[in-house]
Amino acid sequence: MFTFNRRSVIAIATSSLLLLGLGACGGEESGDAQSSPGDKKITVYSGRNEKLVGPLLKKFTERTGIAVETRYGNTPQIAAQLLEEGDRSPADVFLSQDAGALGAVSKKGMFASLPQETLDKVPGTYRSNGGDWVGVTARARVLVYNPDLVPADKLPRSVFELTGPEWKGKVGVAPTNASFQAFITAIRVQHGEAKAKEFLAGLKANDPQIRENNGQILEDVDSGKIAVGLINHYYLGELAKERGTTPDGLKAKLHFFPDGDTGALVNVSGVGILKRAAQDPDAQAFVDYLLSPEAQQYFAEQTFEYPVVAGVSGPAGVPPLSELSVPEIDLNDLDTLDETNALITESGLVP
């Protein structure tokens, strides 16, 4: 199993110089080969959690007879592993939690071009300008809050307000999480390096509540341990499902930042085919399956993410994707992970 403290995850994603041994994987981040009656098989490096995508990969095998050997880890780890392995990588497909990691791998020329008919299934906003990766789901950044601790009329209109004194000790963040890193990259892209440094320094000085991941932030907000936290929208639906209720049945509520604020970034999970599998119809079948109505509906209903393919209904309990007021940021510009992770480390948010 990969075992990293917060600082080492950032360092690995920043340097891309350490090889994360495949043989050391285990547990949630281990290889998981789905059985198949034939010899057809692909290797997927997944930065998405096994609990979320494992059932869908099994459905893919059942539908196609193509076995899937999956290597799980968090997205920065998996991206760093691919960059270190280069042409030696056994991966056929990279399934990423965010566009930034896909862009970092794309910049190294490791992805094959995808067929135009595959790209055309997804709006241009949610795919590579170079045609070598495509979004699978959309996920909105939100502020989750506990209304017993913060009334709705006291919520900030901008994420940058969270560095103010009224939020001291009240804000949960997960600085080693790929979604937080992509959000900081979005600040750099939209407002410049100095603004990103200022925001990170302000967060650090404001006694943030550091957690390992979005799920921990949500649970602590729901229980009243933290007043607010920066997460992705779909975690609320997942927690409600685990508890056998609906999002309305939880204490925690979602606040979508208005007016195109950077805190309302809509990122994508996405997928790319490595060049070694450029002519492999099984790898292409996997990508096309992720964009099929069955898979898109699975994401909407089981992981509560926004589908990116037209004609598939979105998740319940959140505004439609088309109604969100999102910042004007090209997801292709979120590929500077090294620079972002260096800033996060420098800020001291990573103990």
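The values are calculated or read from the model by the stated rules, or taken from the named source; none is laboratory data. Note that the structure is predicted; figures quoted are calculated from it, not measured. Cβ atoms come from the backbone with ideal geometry, glycine included; neighbour counts cover every protein chain shown. What goes into the accessible areas is simple: the full protein's heavy atoms, side chains included, and nothing from ligands, DNA or RNA. Shrake-Rupley method; radii C 1.70, N 1.55, O 1.52, S 1.80 Å.
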Quick one: in the range 88-99, which of the residues that are in contact with a strand residue (DSSP E or B) (Cβ under 9 Å, 6 or more places away or on another chain) and among the charged types (D, E, K, R) is farthest from Thr336 (Cα to Cα)?
Asp92
Return the residues of the range 138-180 that are within 14 Å of Leu230 (Cα to Cα), assigned to a loop (DSSP other than H, G, I, E, B) and charged (D, E, K, R); say none if nothing qualifies.
Arg157, Lys170
Here is a list: Ala182, Ala194, Ala174. Which entry is open to solvent by 60 Å² or more (accessible area, probe 1.4 Å), among the hydrophobic types (A, V, I, L, M, F, W, C) and either within 16 Å of the chain's Cα centre (by Cα) or within 27 Å of Ala101 (Cα to Cα) (or both)?
Ala194
Scan the range 210-259 for residues that are closer than 19 Å to Val350 by Cα, part of a helix (DSSP H, G or I) and open to solvent by 60 Å² or more (accessible area, probe 1.4 Å) and jot them down.
Gln216
Of the listed residues (Leu102, Leu162, Leu143, Leu114), the one being open to solvent by 10 Å² or more (accessible area, probe 1.4 Å) and in contact (Cβ under 8 Å) with a residue 40 or more places away in the chain is Leu114
With criteria (1) open to solvent by less than 10 Å² (accessible area, probe 1.4 Å); (2) part of a loop (DSSP other than H, G, I, E, B), Phe299 comes up short on (2)
Residues in the range 304-324: is at least one surrounded by fewer than 20 Cβ atoms within 10 Å (Cβ to Cβ) and among the charged types (D, E, K, R)?
yes
Pairs, please: C-beta under 8 Å, at least 6 apart or cross-chain, first residue without any contact (Cβ under 8 Å) to a residue 12 or more places away in the chain and under 14 Å from Leu250 (Cβ atoms) and in the range 211-227, second charged (D, E, K, R) and buried (at least 22 other Cβ atoms within 10 Å of the Cβ)?
none
